[in-house]
Every structure is written in structure tokens, then in C-alpha cells.
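**Student:** Supplied in C-alpha cells, the structure appears directly below.
The values are calculated or read from the model by the stated rules, or taken from the named source; none is laboratory data. Computed from a predicted structure; not experimentally measured. Glycine also receives a Cβ, built like all others from the backbone with ideal geometry; neighbour counts cover every protein chain displayed.
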Ligand SMILES: Cc1cc2nc3c(=O)[nH]c(=O)nc-3n(C[C@H](O)[C@H](O)[C@H](O)COP(=O)(O)OP(=O)(O)OC[C@H]3O[C@@H](n4cnc5c(N)ncnc54)[C@H](O)[C@@H]3O)c2cc1C
């Protein structure tokens, strides 16, 4: 395994934003993981766990960490729709294997990123969340220096969140492998769902550099509705702008910085608060240079 130095984070985030990571490596196997952890310990480096980078807004200062880019992607169909999927597996890759076994992962497969990232954030769409097909996961426990299995209750899933949103947990555990229980369906029905869902995404969501929905939907309704009604569609700071197609998609035209995006998002947050007394909180993880989540 190679540990690289001073790697630009731009191409590892769907936002295309970020400075450089001090240290960066790709993890394919348990041996890679052990080697990386030893290196981090010897050099007193904090770790940052990177999946598909589709929900992250890196700092313009980059990361003073060792980034572990999880690329482990073995999928095993154990029996009767129970699949073991390694954390670095892309959501779309699961679809291919599950469809062959006549098991349905169609809706969730349209979400960008990896299964590890999806479990950490309980990714989902209106019709289904990852927690609905989740059974258990194998985690690496950095405190005990061993792998362990945790059942669903441990994850404390909520709307676009899990126990991995608690720093105490995300600092201690790495999601290594996930067990899913997928319902039976015919390949024809699976294709049908896929086709119609991709058509909806194409119609409603813009294409480009983004982290998906920027704000979580508040209890009062859809974040996109409040943003649109507050005149945020098309609003911009530098190269950061709110999409004309979907007001909750904050985009990077070309060279937006984290600062531009934060400034624009703060303005939107303030405008919605003043107009509707509704508080919007970011769904995208805004990171500081130590890989910790920052508030807006
Ligand atoms: C165009 C677009 C559309 C989107 N649509 C949706 C949608 O419909 N629904 C939805 O829920 N999301 C959506 N998203 C957001 C994003 O795809 C999801 O949040 C996704 O699950 C993030 O997975 P990832 O692998 O990219 O995680 P990353 O962005 O790499 O990481 C997210 C967080 O998870 C942690 N993490 C990642 N892997 C692990 C691991 N193995 N162990 C421990 N922690 C880990 C990271 O440290 C980080 O804190 C969209 C994004 C884009 C760009």
C-alpha cells in the first residue's frame, strides 16, 4: 500500500472543492487498513474516512490527516437475499449483483457514494432508507484494535443520520462490511423502477459539481420549497450558486471555494429564518482542516 503526500481533495469530492490532504491512501484489504493505522499511530496523525465523497465539503485548507479512501468492494450473496457488502462498494455496484439474484436494490442504488457512507448517514429517498434493508455491520474498533459486529440497534438510525454522527463513535469505529437483507423482485420490475426513478432525478435535479441536497428537510416541509420561496434559485457567491432547477442544490460552477459556499449557504439560512422562522441545517458535512464537522 502506498501512502501519498499532499494530495488535492478536489477530485475526491463531488463538490470539486478542497485543499490538499497531508497524507492519503487507498484501502483495499484488512492488511492495507492495518498498515495505514500503524502509520497514523507512529506519526500521531488523525484519520479521515472517505467513501465516495458525495456528501462532503472539504476545507480550502485541506486536511491535516491521513485520509483512508475505502476501496474494499467485495459483495457476497450469503443466502435468501442476505448480502455482505464491503464498505467501499459503490451503491450502483450492489445493484448489478443483487439483480442477478433477483433481489431489489433499485431505489437505493440511485444514491451516489458507497455503502459505508450510506450507512453512516442513513442515506435514502422519500420511498426508502438504507436502514430498511440493513441488518448489521462489521466495524473496526480503533480503541480495542479489533473487528467487531454491531446489530442494527447500535446504529440509532434517524432522518439522514446514525450514531456515526457522534464524534465519539466516528473517531472510534470504521465501517468495514455491511449485511443487507434485500427483498425479492424480478429483473424486469427492478429495471422499471430504476428507469422511472432516474427519469425523476433527471427531471428534478441538476447535473454538475454538488453534494446533493445541501440542507436537510426541516420538520416544517421541504428545504427546497423554503429556499425557492425565499428567492434563492440562481443566487451566487463567486462560483457557488443555487441551482435554477432545484433550490436545495448548491453547486460549484468551476472554482468555488468552501468559503464561497458557506457564505452563500449562511445567507440562505438567514433569509429563510427571517421569512418563515424555519431553521435549515446542512445535510452536507462541512469539514474543517482536522476533518471535523463544522456548523455553518
Ligand atoms: C447528485 C447527488 C445526489 C444525491 N442524492 C441523495 C439522495 O437521494 N439521498 C441521500 O441520502 N443522499 C444523497 N446524496 C448525498 C450522498 O450521496 C449520500 O450522503 C451518500 O450516502 C454519501 O456516501 P459517500 O460514500 O459518498 O460518503 P462520503 O461523502 O465519502 O462520507 C460521508 C460521511 O460518512 C463517513 N464515512 C464514509 N464511509 C465510512 C465508513 N466506511 N466508515 C465510517 N464512516 C464513513 C465519512 O467520514 C463522512 O463523515 C446525493 C449526492 C449527490 C452528489
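**Student:** Considering only residues that are touching a helix residue (DSSP H, G or I) at 6+ places or on another chain (Cβ under 8 Å) and modelled with pLDDT under 95, which ones fall in the stretch 198-215? Reasoning before the result, please.
**Tutor:** Filtering the stretch 198-215 for residues touching a helix residue (DSSP H, G or I) at 6+ places or on another chain (Cβ under 8 Å) gives 198, 201, 213-215.
Result: 198, 201.
**Student:** Given the condition within 12 Å of the ligand (Cβ to nearest atom), at pLDDT 95 or above and not in a loop (DSSP other than H, G, I, E, B), answer yes or no: does some residue in the stretch 225-234 qualify? Lay out the reasoning, then the answer.
**Tutor:** First, the residues of the stretch 225-234 that are within 12 Å of the ligand (Cβ to nearest atom): none.
No, the stretch 225-234 contains no residue that is within 12 Å of the ligand (Cβ to nearest atom), at pLDDT 95 or above and not in a loop (DSSP other than H, G, I, E, B).
Let's see how each residue does on (1) part of a helix (DSSP H, G or I); (2) surrounded by fewer than 18 Cβ atoms within 10 Å (Cβ to Cβ):
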| site | (1), (2) |
| --- | --- |
| 6 | no, yes |
| 14 | no, no |
| 24 | no, no |
| 33 | yes, no |
| 36 | yes, no |
| 39 | yes, yes |
| 49 | no, no |
| 54 | no, no |
| 61 | no, yes |
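**Student:** Do we have any residue at all in the stretch 73-83 that's within 11 Å of the ligand (Cβ to nearest atom) and modelled with pLDDT of 95 or more?
**Tutor:** Filtering the stretch 73-83 for residues within 11 Å of the ligand (Cβ to nearest atom) gives none.
The answer is no, given that none of the residues of the stretch 73-83 is within 11 Å of the ligand (Cβ to nearest atom) and modelled with pLDDT of 95 or more.
**Student:** Before we move on, is residue 168 in a strand (DSSP E or B), without any contact (Cβ under 8 Å) to a residue 60 or more places away in the chain and more than 10 Å from the ligand (Cβ to nearest atom)?
**Tutor:** Numbers: in a strand (DSSP E or B): no; without any contact (Cβ under 8 Å) to a residue 60 or more places away in the chain: yes; more than 10 Å from the ligand (Cβ to nearest atom): yes.
For residue 168, the condition - in a strand (DSSP E or B), without any contact (Cβ under 8 Å) to a residue 60 or more places away in the chain and more than 10 Å from the ligand (Cβ to nearest atom) - is not met.
**Student:** Further, regarding this structure: Taking the condition of being in contact (Cβ under 8 Å) with a residue 60 or more places away in the chain and either in a helix (DSSP H, G or I) or within 16 Å of the chain's Cα centre (by Cα) (or both), how many residues in the stretch 76-99 meet it?
**Tutor:** 7
**Student:** Let me ask something additional. Across the stretch 119-137, what is the total count of residues that are touching a residue at least 60 places away in the same chain (Cβ under 8 Å) and part of a helix (DSSP H, G or I)?
**Tutor:** The qualifying residues number 1.
**Student:** Return yes when residue 224 is within 25 Å of residue 91 (Cβ to Cβ) and touching a residue at least 60 places away in the same chain (Cβ under 8 Å) and no when it is not.
**Tutor:** Details: within 25 Å of residue 91 (Cβ to Cβ): yes; touching a residue at least 60 places away in the same chain (Cβ under 8 Å): no.
No.
**Student:** Hey, can you tell me all the residues within the stretch 84-99 that are within 15 Å of the ligand (Cβ to nearest atom), within 15 Å of residue 185 (Cβ to Cβ) and surrounded by fewer than 22 Cβ atoms within 10 Å (Cβ to Cβ)?
**Tutor:** From the stretch 84-99, those within 15 Å of the ligand (Cβ to nearest atom) are 84-95; that's our starting set.
In the following step, the residues that additionally are within 15 Å of residue 185 (Cβ to Cβ) were identified as 94-95.
Residue satisfying the conditions is 95 alone.
Residue-wise test of (1) more than 17 Å from residue 112 (Cβ to Cβ); (2) not in a loop (DSSP other than H, G, I, E, B).
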{"residue": "150", "(1), (2)": "yes, yes"}
{"residue": "154", "(1), (2)": "yes, yes"}
{"residue": "164", "(1), (2)": "yes, yes"}
{"residue": "180", "(1), (2)": "yes, yes"}
{"residue": "196", "(1), (2)": "yes, yes"}
{"residue": "203", "(1), (2)": "yes, yes"}
{"residue": "212", "(1), (2)": "no, yes"}
{"residue": "217", "(1), (2)": "yes, no"}
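**Student:** Quick check: anything in the stretch 132-144 within 22 Å of residue 200 (Cα to Cα), touching a helix residue (DSSP H, G or I) at 6+ places or on another chain (Cβ under 8 Å) and within 12 Å of the ligand (Cβ to nearest atom)?
**Tutor:** The answer is no; no qualifying residue exists.
**Student:** Moving on to the next point. Could you say which residue among 280, 194, 287, 264 is within 30 Å of residue 106 (Cα to Cα), touching a residue at least 24 places away in the same chain (Cβ under 8 Å) and buried (at least 21 other Cβ atoms within 10 Å of the Cβ)? Talk me through it step by step, then tell me what you get.
**Tutor:** Details: 194 fails: buried (at least 21 other Cβ atoms within 10 Å of the Cβ); 287 fails: within 30 Å of residue 106 (Cα to Cα); 264 fails: within 30 Å of residue 106 (Cα to Cα).
Matching residue, one of 280, 194, 287, 264: 280.
**Student:** Kindly evaluate residue 105 against the criterion of being surrounded by 21 or more Cβ atoms within 10 Å (Cβ to Cβ), part of a loop (DSSP other than H, G, I, E, B) and at pLDDT 95 or above. Reasoning before the result, please.
**Tutor:** Details: surrounded by 21 or more Cβ atoms within 10 Å (Cβ to Cβ): yes; part of a loop (DSSP other than H, G, I, E, B): yes; at pLDDT 95 or above: yes.
Yes: the conditions hold for residue 105.
**Student:** Right, something else. Residue 214 passes all but one of (1) touching a residue at least 60 places away in the same chain (Cβ under 8 Å); (2) farther than 16 Å from residue 16 by Cβ; which number fails?
**Tutor:** It fails just one condition, (2).
**Student:** Before we move on, is residue 190 near the ligand (Cβ under 10 Å from one of its atoms), closer than 20 Å to residue 89 by Cβ and either under 16 Å from the mean Cα position of the chain (by Cα) or not in a loop (DSSP other than H, G, I, E, B) (or both)? Spell out the reasoning first.
**Tutor:** Numbers: near the ligand (Cβ under 10 Å from one of its atoms): no; closer than 20 Å to residue 89 by Cβ: yes; either under 16 Å from the mean Cα position of the chain (by Cα) or not in a loop (DSSP other than H, G, I, E, B) (or both): yes.
No.
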